[in-house]
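The following block contains the structure, expressed as C-alpha cells.
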Amino acid sequence: MDMGERQPAALSDLPILREIQMVSVERASKIYGEAPGFAALDGVDLAVYKGDFLAIVGPSGSGKSTLLNVIGCIEKLSSGTLRIEGFAVNSLSPDALAELRSAKLGFIYQTFNLIPVLTALENVELPLYRRNVPARERRQRAIQLLRDVGLERFASHTPRMLSGGQRQRVAIARALINRPSLILADEPTANLDRKTGLEIIQLLGNLNRRTGVTIIFSTHDPHIMRQATRVIEIQDGRMPAPGR
C-alpha cells in the first residue's frame, strides 16, 4: 500500500485509521542468559495498525508477555527493530525512551499494580505528577476518567476497599490519564471472575470503538479473542508473517 497516495483520514474514520501503522516489529529477537541463551523471541515480525483491538495469544512461556514488554519499551531487543508511530525505538536515548513511554503508552496489568496507600483518585493522577501537570488539571482529568469507568463515587477509596473488577477499572483509568495512542494490556482479565472479566472487555472494546485508541492484549481469555479485531498466535518465540 502506498500511503503517499491517501488523503489524511478523519479521526472518526476508523477503517481508514486502521491502515496507519502504529507499531512495527521486524526480525525481533530477545535472548536471555549467556550464549547461546534462551530465545524468548526469535525473529518476530508484527505490524499493528491504528485502531487495532489486537490479541496476542499462546501458551505460557510462548513469548507473548515478552513481546508486550518489548513493545512497551520495558525490555530492549537483543536484535531487530521496533518502531512506534514512526519512532525508531532502538536509537532513542534513555530520556527520550522514558518520554515516549510516558507520552504514547498506557499499561494495564493483571495484578493491577495500584499503590496501596493512595486513593483511587490519587492512583489515577499519579502518571501526571511525572509530567508536571498542574494540580487542578490533574484532579479534573482523573475525576472524569473515574466517571468514565463508573467509579466516581469510589474516588476516595484505597485499593483494599475495592473489588478486583473495581481495581482493574482504576488501572484502566490510570492507563488513559496521559491520553496515550497505544494501550498494552497484559492478561487484564486473568485475576477476575468471568462476569467481571466480560465487563472489563466490554469497557475496553467501547473505548477502542469510541476513541480509536489502539489496544494490544496478551491473553489466554477466549472472550477477548472473540472481541478482537485480529488474533495473532505466538509459540516458542515465533509467529507467522504479519497478516491483515
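Rule-based calculations on the coordinates, nothing more; no lab input. Please read these numbers as outputs of a predicted model, since none were measured by experiment. With ideal geometry, Cβ positions are generated from the backbone for all residues, glycine too; neighbour counts draw on all protein chains shown.
Straight-line reach from LYS76: which lysines fall under 20 Å, measuring Cα to Cα and dropping same-chain residues less than 8 apart?
LYS30, LYS64, LYS104
What is the fewest-to-most order of SER102, SER93, SER65 by other Cβ atoms lying within 10 Å of their Cβ?
SER93, SER102, SER65
Tell me the relative contact order for the chain as a rounded percent, counting alpha carbon contacts under 8 Å between residues six or more apart.
29
Between region 16-59 and region 171-244, how many Å separate their Cα centres?
15
I'd like the orientation of helix 135-148 relative to the chain: the angle between its Cα long axis and the longest Cα principal axis, in ° from 0 to 90, rounded to 10.
80
Could you tell me how far the Cα centroid of region 132-156 sits from the Cα centroid of region 84-113, in Å?
If you average the Cα positions of each part, the centres end up 23 Å apart.
A further question follows. In debye to the nearest 20, how big a dipole does the chain give about its Cα centre with +1 on each Lys and Arg Cβ and -1 on each Asp and Glu Cβ?
840
How long are the semi-axes of the ellipsoid equivalent to the chain, from square roots of 5 times the Cα gyration tensor eigenvalues, in whole Å, largest first?
In descending order the semi-axes read 29, 21, 19 Å.
Compute the acute angle (0 to 90°) between the alpha-carbon long axis of helix 194-211 and the principal axis of greatest extent of the alpha-carbon atoms of the chain; round to the nearest 10°.
Roughly 80 degrees, rounded to the nearest 10.
Right, here's the next one. Among THR214, GLY86, MET161, flag the residue with its Cα farthest along the positive direction of the charge dipole of the chain, charges on Cβ as +1 for Lys/Arg and -1 for Asp/Glu.
Looking along the dipole axis, the top candidate is MET161.
Among bridges DSSP assigns within region 15-232, what percent are antiparallel (round to 5)?
Antiparallel: roughly 45 percent of the beta bridges in region 15-232.
While we're here: Measure nothing but the geometry: give the 0 to 90° angle between the long axis through the Cα atoms of 164-176 and the longest principal axis through the Cα atoms of the chain, rounded to 10°.
So the inclination is approximately 70 degrees.
Oh, and also: Just THR66, THR111, THR211 to compare: in a GNM of the chain, with alpha carbon springs under 10 Å, which one fluctuates most?
Checking each option, the largest mean-square fluctuation is seen for THR211.
Can you give me the long-range amide H partners of LEU41? Hydrogens built in the peptide plane at 1.01 Å from N, cutoff under 5 Å, separation of 5 or more residues or another chain.
Placed amide hydrogens put LYS30 under 5 Å from LEU41.
Enumerate the amide H contacts of GLY106 below 5 Å, restricted to partners 5 or more residues apart or on another chain; note that Pro and chain-start residues carry no placed amide H.
LEU182, ILE183, LEU184
Report relative contact order for region 107-204 in percent, whole number only (criteria: Cα-Cα under 8 Å, sequence separation at least 6).
43
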